[in-house]
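Okay, so here's the structure we're looking at.
The values are calculated or read from the model by the stated rules, or taken from the named source; none is laboratory data. Because the structure is a prediction, the values reported are computed rather than measured. Cβ atoms come from the backbone with ideal geometry, glycine included; neighbour counts cover every protein chain shown. Accessible surface is based on the protein model in full, side chains and every heavy atom, while ligands, DNA and RNA are left aside. Shrake-Rupley method; radii C 1.70, N 1.55, O 1.52, S 1.80 Å.
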Amino acid sequence: FQSSDSTSEKRTTSSRAMDDVSWDSVLEALHEAERASSEMTCRVGSLIVWGIRGKTHHATLAKTFPKGFLLLTKCCQRDAIDLHDEAIADLREEIESCRPALPWSAASCQPPSEELCDAPLSVHIDNTTQHRYEGYEFEIFEERLSPISIHAARELLSKISRQRTRFSFPILVAVQDPQWSGERQVTASRGHHGRTVYIGLQTLINQRGLPVLETIHVRRPTWPESITIEEAFRHCRGVRGCNEVWLHARFDLIVEADRTLPVAIRLPAQALPGAFASLVVASPMAVQQALTLPLLRSPSTLNCKAALYMRCGGSAEEPTLGRYLRDLHFLQKLSKADACNSQLHDQVHPTVLGGRAAVLEAVNRFVADEGRLATESVGLAPSGGHAIAGQEHIDHAARLLLGNEPDRFDRDFVDRLFLVVLSRCSSAACLVQAVQVVLEELGHCNGMVPSVRRESGTRMAEIMRVAMKLSMLRRYVAPSEADKLRALEAQWQDICSDLSHPQSVVSLTIDIGLDCLRRDFVHIVTRDGYITSQDLAYFTSTNIHSAEQLDRLHCLRHLSELACMSAQLKLWVDIARRIVLKAVDYYQAPGSSSAAMPAFTSALGTSAVDRLLQALKGVEPNSLSVQCGATVLQVERGPPPDVALPQVESMPNLPMASGVRYEHRLSVIDRLRLAM
């Protein structure tokens, strides 16, 4: 690690800068960070020791060192010795600035249920090992880390290597390259190879059981966009003796999260909350074949290994079936013991009915719309999605399902009553009022005659049938049927009296909602024909407690969103069926819960990969890794230049087929093993 071109003056300067650092203290802090069961950060003199595990994402190092690493940076505080209260507060502020917490829970970014070794999603492209993926809770902003003088860093690493101290994690030091002054390169020949940002070492055991030392060198090159793979690897030490090159590209096809956020742009799609679909293509090539190819290119689909990863979302606002999530949360509120005395919606939504006047207006509009639907001219007209006449508030899901088949064609009066009125009520009192207004409309002499499905077994459907019989008898009663009419009227009065109690209305609404949403989800999953209702028998069972039915209904919603995403991507039937059936098996396994939303995967053939890539119309991959031996080149695609982001090193002006120019961040991680 000694620098041959460094002068004694530079060494003296770096030594003075590290005078307050005890090397024994640094080693002790590194060992403590290694032994810790979780991530930790501590200060040693003018240095900060970071013990990084799977909870913190580092845009450059996470892929190469997925299990974690130890990082040394410089502390920016002026007080380099005493740790009084103000210094501790300043240190905490500096750490939080460099490593902010992600604004979402790690539980909302669950790992894939499985990863294909040939085309992994969240691990390095070395196909010999796998590790357990964990949701990220923090993100390191690399440009906010304070680097150490490269000469002091080399001296520190030399001391560690000379003591033959073994660490289970690699040790990396953020360094300031003296060949660069800010963003301006001093030496043209060195500038072409890039600025050194990290140097480090790792102690390993080789195949013969002997300890070896692996040196690590991470730099940011400034190559032209036309550079070939041969030119990129020319000065890398880790490629010696390698005869194969792996290209690993990831295309994010669907990302629900806002990728323009400074934190989100650094994270892979699977580490962001919400729905995503990513295509991963891994292509091995012989060194002789790969050397002449340009670096910034998509992998060849010939003899490639490819996989599609998909995960549904969990937000009531953005996902494909977000409206249904609000309905499910509404039913969960109803199923609680205190439902009669609590609010049924967590947040104030524009469609929520919060008062008597709003409920009356909604019911009157609903009844008027049902009267129009009962006429032949409207009733036979084709429906274009969720929205029915006068029901604009449920059009959100319809817009997201454009291009798919229309919604369930056999929705009846009871289904629409739940979707349009009951599910929007803010309290049990509003539910009672809405049901009473509907019963009053159905019960008077000139009331409407609703239609219900013949096979519907909900209590509300039975009440509708009583209302239809009562209406028919009142209109066409014969003298001999007067007693029958009086008996029906008495039965109707009993129904109205019973449904004036909140608990009865709550039970009625849960029954209606479970049946309506269950039928909608089954229709969405089975409408393309590759999944049958028999495949979903576990989720449609009614012989269990309502709480268990609700949990399985949540699972069925997840399956519905995966089916909608498959339709949006126009996946081949066998691929869509494979993904949905994997989700079916996952959610009906013992101990499973709807709270889990992992990504599901399917291997892809060459034809399927070509079809998806053609749909992208030449868009460059979001992430590209090229590995040869122990050296990895990483290319991360950023947002278009007009998106405001923190200033980072990048390669601008790389053209796309669409004419949009993206920024790219290139990193070279070069490793070389030496005998100890």
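Data overview
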{"quantity": "Net lengthening on full extension, HIS31/GLU455 (0.36 nm per residue, minus Cα-Cα)", "calculated": "145.8 nm"}
{"quantity": "FRET efficiency estimate (nearest 0.05) - Cβ-Cβ, ALA358 to ASP412, R0 25 angstrom", "calculated": "0.55"}
{"quantity": "For the stretch 479-555, accessible area per residue (1.4 Å probe, heavy atoms of protein chains only), Å²", "calculated": "46 Å²"}
{"quantity": "Listed peptides 241-251, 324-334 by packing density, highest first (mean Cβ within 10 Å)", "calculated": "324-334, 241-251"}
{"quantity": "Linear extension gain, SER342 paired with ARG611, 0.36 nm per residue minus alpha-carbon span", "calculated": "91.7 nm"}
{"quantity": "Full-stretch length increase - HIS444, ARG240 - with 0.36 nm per residue and alpha-carbon distance subtracted", "calculated": "64.5 nm"}
{"quantity": "Cα-projected label distance for THR292 with ALA368, points at 7 Å along beta-carbon direction, nm", "calculated": "7.5 nm"}
{"quantity": "FRET efficiency, ARG527 to GLN436 (Cβ-Cβ, R0 45 Å, nearest 0.05)", "calculated": "0.80"}
{"quantity": "At R0 = 41 Å, FRET efficiency that the Cβ-Cβ distance of MET472 and SER500 yields, to 0.05", "calculated": "0.95"}
{"quantity": "Accessible surface of THR526 - all protein chains present, 1.4 Å probe, nearest 10 Å²", "calculated": "40 Å²"}
{"quantity": "Net dipole in debye of the stretch 473-577 [+1 Lys, Arg Cβ; -1 Asp, Glu Cβ; about Cα centre; nearest 20]", "calculated": "320 debye"}
{"quantity": "For peptides 560-568, 614-622, 150-158, sequence by mean Cβ density within 10 Å, most packed first", "calculated": "560-568, 150-158, 614-622"}
{"quantity": "Per-residue SASA entry for TRP23, accessible area with 1.4 Å probe, Å² rounded to 10", "calculated": "60 Å²"}
{"quantity": "Long-range amide H partners of GLU137 with built H, under 5 Å", "calculated": "THR56, HIS57"}
{"quantity": "Convex hull of Cα atoms in the stretch 192-286, direction-averaged projection (nm²)", "calculated": "9.3 nm²"}
{"quantity": "10 Å binning of all Cα-Cα separations within the stretch 486-644, expressed as whole percents from 0 upward", "calculated": "8, 25, 23, 19, 14, 6, 3, 1, 0"}
{"quantity": "Debye log10 I(q)/I(0) for the stretch 462-522, one point scatterer per Cα, at q = 0.17 Å⁻¹", "calculated": "-0.70"}
